[in-house]
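What follows is a short report on a single structure.
The values are calculated or read from the model by the stated rules, or taken from the named source; none is laboratory data. Source: prediction; values computed, not measured. Quick reminder, even Gly has a Cβ in these numbers, built from the backbone with ideal geometry, and neighbours come from all protein chains shown. Just the protein is used for accessible areas: all its heavy atoms, side chains included, with ligands, DNA and RNA removed. Shrake-Rupley method; radii C 1.70, N 1.55, O 1.52, S 1.80 Å.
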Amino acid sequence: MPKFVYDFTEGNKDLKDLLGGKGANLAEMTNLGLPVPPGFTITTDACRVYLEHGQEPPELREQVSEYLDALEARMGRKLGQADGPLLVSVRSGAKFSMPGMMDTVLNIGLNDESVNGLAAKADNGRFAWDSYRRLIQMFGKTVLGVDGEHFDEALDAVKHAKGTQNDLDLDADDLRGVVEAFKAIVEKEAGRAFPQDPREQMDLAIRAVFESWNGERAKLYRRQERIPNDLGTAVNICSMVFGNLGMDSGTGVAFTRDPASGQTGVYGDYLQNAQGEDVVAGIRNTMQLEELGSLDPESYRELTQIMATLEEHYRDLCDIEFTIESGKLWMLQTRVGKRTAAAAFRIAVQLVDEGRISPDEAVDRVTGAQLAQLMFPRFDDNVKAEQIARGMNASPGAAVGKAVFDSYTAVKWSRSGEKVILIRRETNPDDLNGMIAAQGILTSRGGKTSHAAVVARGMGKTCVCGAESLDVDTKRRRMTAPNGEVVEEGDVISVDGTSGRVYLGDVPVVASPVVEYFEGRLGADSPKADDLVKAVHRIMTWSDERRRLYVRANADTPEDAARARRFGAQGIGLCRTEHMFLGERRALIERLILAEDDDEREAALAELLPMQRDDFVAIFTAMGGLPVTVRLLDPPLHEFLPDITELSVRVAVAEAKGEENENDLRLLQAVHKMHEANPMLGLRGVRLGLVIPGLFMMQVRAIAEAAAQVAKAGGVARVEIMVPLVGAVQELEIIRDEAQQVLAEVKERTGADVRSLIGTMIELPRAALTAGQIAEAAQFFSFGTNDLTQTTWGFSRDDVEGAFFSAYLDRGIFGVSPFETLDREGVGKLVRIAAEEGRKTRPELKLGVCGEHGGDPDSVHFFHEVGLDYVSCSPFRVPVARLEAARAAIESAGSDSR
């Protein structure tokens, strides 16, 4: 027969999967001999059966009865007996802490008869009736679904009649009246009387805790914290101890270190004459935990000893809940405490210095998400601000500036010393200069993988995308908020890329010293470096020693490349060449597209060649011999042409005035000719190189000549040429053969030993499935997981996030957007197949990833597992990837050892 119930004496802290965190830790404290009220735990297995079948396992009632009988025998009292009843709490407890997200019911066992027995036993009528009203209130809300406001209003009415706002001023008679009012509320709102049978109370409470696993707030919390939905919750049945017996009783929460800062010491709150929920509800002001030392020295001394014992045992910050009943201390819960990002880094290093954990454990105790939080500036939380909209938190940070509505103005005002926020409906490559000039970017359209989001993250620029409630009017240079507030160009706004919120006016920000450290402006040994910077430095040093994966950066300019190196990048995994064709060079692309013969086309390419060569010289020099993967031109050429609507209007106006422009007419014809229904799946990538003669080879020649020039200057250029959007090996073979001829020509002409790997991006399902063939022509694969996700799911990534992703998240189809964290079951399977098949053909095949997932913590772990050689991400995410690559290696070693 399956075992669904465990006594606290039977479990331990390693059984969290089965007993939940609370049950496992109650068992562990019991094993340590600490004062824990006796009780038992119903397992998560029982919860999963209930959720699957809509009823408890048939064995559960019998097992609960058996353990309840044993508890009653140990306590010398029966549940709900008339004279001095045994009372119990029924509390949830999942594997992962979900504070306040599921249900708890205290004082189970009280009824109209046993309340008098409890009053006589304790010689305290007020305590007994207070406990009974709490039971009816909690049971009514959590088990019977009664709106809690009904109870609050009834209690407030009694306090108002008494002329007080403090619960403690109500006497036994007052609380007896509250109980009667609460019972009437239950009968009216729930359609049934409050149950008088103690066992029925307990059984219904157990069922309510099971069902609370799928409550809306629990589901939302799991989605936010990425906790799996199939774990279920355990249920803890614990004999009651009472903090509301009088002023020598109370309840509190303690931390063995400050969870906000990580500083050592005693931290927590205590509330006299109260039960546990009173502390978190904030109905009365608590006292600092240190004050308990003068109020009850013996209990305080015992508590601090237990805190030290638990921290030594768990080797981490512990969060503790306790109750004092008539001067007797009881431990109700402990867990490894939640903490801020800053506290996490400080505590990890402290514990290493104290000899409690190893450097590997310290690295594993912090996360890339926490490091990212430390790197971005934040708005001052102490300042109230007027929120006017909220969009997607596309790129974290805090930015303040004057609203501008085009890139030209952004650059112009920025050069005049103004701080600006670039506001667009959506951005495109032409907005790059404005994005660079701006403090932050705000768009009313697009998702987290839109142009604005991807580029902003690459630059470490604050960005909020998809703020659809904003009406952005770029022509009138204004935007209108839902409340009617109009922001004109020049008005100051504040953008919070961490939360997605947009504020009117200037909200003060606090700078991050961690970024100054990574950029080399603040040394870890500098007198100005605080203990947080020093902690980050030590964690990153240990991480770099431990990781297997190399970490590169996606960088398109010498400035980006230099910044990437400062952030610890070991090369460039993606150098996009499309950004090099903007600005004044756009006219040359137009000439290339409009060329009517080979001579015109070659002339345009000849003018582009030296510009491209200079670009590459600067980037290769900035990287100082580290590998640079250059992606040949990828986007559709129509992106470099004028907007079809604007161009049509321009031509029509000119015709009306009799001022026809031949070039505009030719451009319009070309735009119409090149128009595609779905350009992202049209003439782009390798198809451009095959259809437009000389385009790719001009780029290859520029790369080769740049490498030769760097070599002649005494430098080293390690170049990898990447062909995008390959779906068939034949495509790659043609480009590879042509490229090798160009490389050989440049080598013969310059005398420089120009070497370059030639490989491809794997960003189409067919490429992944035929990777064994493609590896015959490729020396490396780089997984373009942005497009691979798009083409695998059939999503248009700029459209779907705003259209239906929220519905998919709400309905549990996604736990998280597949554009944020790699979809392991689908896209990940393609990556695994391609890696395995590619290396079967070419064992030395270099494997990397250059999509946005390269900087996502969970995805980095997957890439380590599949055996990739490197990940590449935006420069600002490089430290995050370095840390997570180390954590992946540590996790993998731990799994191997087991």
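Here are a few things to note about the model shown:
- Some residue of the stretch 686-705 being more than 19 Å from Arg601 (Cβ to Cβ), open to solvent by 10 Å² or more (accessible area, probe 1.4 Å) and touching a Ser or Thr at 6+ places or on another chain (Cβ under 8 Å): yes
- Total residues in the stretch 859-898, condition at pLDDT below 95, part of a helix (DSSP H, G or I) and surrounded by fewer than 23 Cβ atoms within 10 Å (Cβ to Cβ): 7
- Per the conditions (1) under 21 Å from the mean Cα position of the chain (by Cα); (2) part of a helix (DSSP H, G or I), the sole criterion not satisfied by Ile833 is (1).
- Single residue of the stretch 627-648 satisfying the filter (hydrophobic (A, V, I, L, M, F, W, C) and within 25 Å of Asn678 (Cβ to Cβ)) that is most open to solvent (accessible area, probe 1.4 Å): Ile644
- So Phe640, is it under 40 Å from the mean Cα position of the chain (by Cα), over 19 Å from Arg684 (Cβ atoms) and among the aromatic types (Phe, Trp, Tyr): no
- When the stretch 409-446 is filtered for residues that are open to solvent by 30 Å² or more (accessible area, probe 1.4 Å) and of a type in the set (Ser, Thr, Tyr), the ones remaining, listed by number, are Ser414, Ser416.
- For the stretch 705-753, a residue qualifies if it is in contact (Cβ under 8 Å) with a residue 40 or more places away in the chain and among the polar types (S, T, N, Q), and the qualifying residues are Gln709, Thr750.
Okay, residues lined up against (1) within 28 Å of Arg335 (Cβ to Cβ); (2) buried (at least 21 other Cβ atoms within 10 Å of the Cβ); (3) in contact with a Leu (Cβ under 6 Å, 6 or more places away or on another chain); (4) in contact (Cβ under 8 Å) with a residue 60 or more places away in the chain:
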position	(1), (2), (3), (4)
Phe96	yes, no, no, yes
Leu118	no, yes, no, no
Phe151	no, yes, no, no
Leu155	no, no, no, no
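- Residue, farthest from Leu374 (Cα to Cα), within the stretch 481-516, restricted to residues that are of a type in the set (S, T, N, Q) and open to solvent by 40 Å² or more (accessible area, probe 1.4 Å): Asn483
- Residue match in the stretch 752-763 (condition: on the phi < 0 side of the Ramachandran plot, modelled with pLDDT of 95 or more and assigned to a helix (DSSP H, G or I)): no
- Boolean, Phe804 is closer than 27 Å to Thr462 by Cα, open to solvent by 10 Å² or more (accessible area, probe 1.4 Å) and assigned to a helix (DSSP H, G or I): yes
- Of all the residues in the stretch 618-661, those that are in contact (Cβ under 8 Å) with a residue 24 or more places away in the chain, among the charged types (D, E, K, R) and in a loop (DSSP other than H, G, I, E, B) number 1.
- Of the strands (runs of 3 or more DSSP E) that lie entirely inside the stretch 367-408, not one contains 2 or more residues that are more than 19 Å from the chain's Cα centre (by Cα), surrounded by fewer than 22 Cβ atoms within 10 Å (Cβ to Cβ) and of a type in the set (Phe, Trp, Tyr).
- Checking Val719 against (1) open to solvent by 20 Å² or more (accessible area, probe 1.4 Å); (2) in a strand (DSSP E or B), the condition it does not meet: (1)
- Going through (1) closer than 22 Å to Gly276 by Cβ; (2) assigned to a helix (DSSP H, G or I) one by one, Gly117 falls short only on (1).
- Only one of the listed residues (Phe194, Phe210, Phe242, Phe255) is open to solvent by less than 60 Å² (accessible area, probe 1.4 Å), over 30 Å from Ala341 (Cα atoms) and within 33 Å of the chain's Cα centre (by Cα). That residue is Phe210.
- Some residue of the stretch 51-69 being modelled with pLDDT of 95 or more, aromatic (Phe, Trp, Tyr), under 25 Å from Ile324 (Cα atoms) and buried (at least 16 other Cβ atoms within 10 Å of the Cβ): no
- Of the residues screened, Asp798 is not one that is within 25 Å of Phe620 (Cβ to Cβ) and of a type in the set (D, E, K, R).
- Of all residues in the stretch 220-275, those that are in a strand (DSSP E or B) and aliphatic (A, V, I, L, M) total 7.
- Number of residues in the stretch 581-622 that are among the hydrophobic types (A, V, I, L, M, F, W, C) and at pLDDT 80 or above equals 13.
- The condition of being closer than 17 Å to Val729 by Cα, open to solvent by 50 Å² or more (accessible area, probe 1.4 Å), in a loop (DSSP other than H, G, I, E, B) and not aliphatic (A, V, I, L, M) holds for only one of Glu844, Glu776, that being Glu776.
- The stretch 409-426: number of residues that are part of a strand (DSSP E or B) and without any contact (Cβ under 8 Å) to a residue 24 or more places away in the chain: 2
- Complete set of residues in the stretch 122-178 that are outside any helix (DSSP H, G or I) and over 42 Å from the mean Cα position of the chain (by Cα): Asp123, Asn124, Gly163, Thr164, Leu170, Asp171
- Some residue of the stretch 810-820 being crowded, with 23+ Cβ neighbours inside 10 Å, farther than 14 Å from Cys850 by Cα and in contact (Cβ under 8 Å) with a residue 12 or more places away in the chain: yes
- Qualifying position, being outside any loop (DSSP other than H, G, I, E, B) and open to solvent by less than 50 Å² (accessible area, probe 1.4 Å), among Ala467, Ala453: Ala453
- Selection from the stretch 470-480 of residues that are part of a loop (DSSP other than H, G, I, E, B) and open to solvent by less than 60 Å² (accessible area, probe 1.4 Å): Leu470, Thr474
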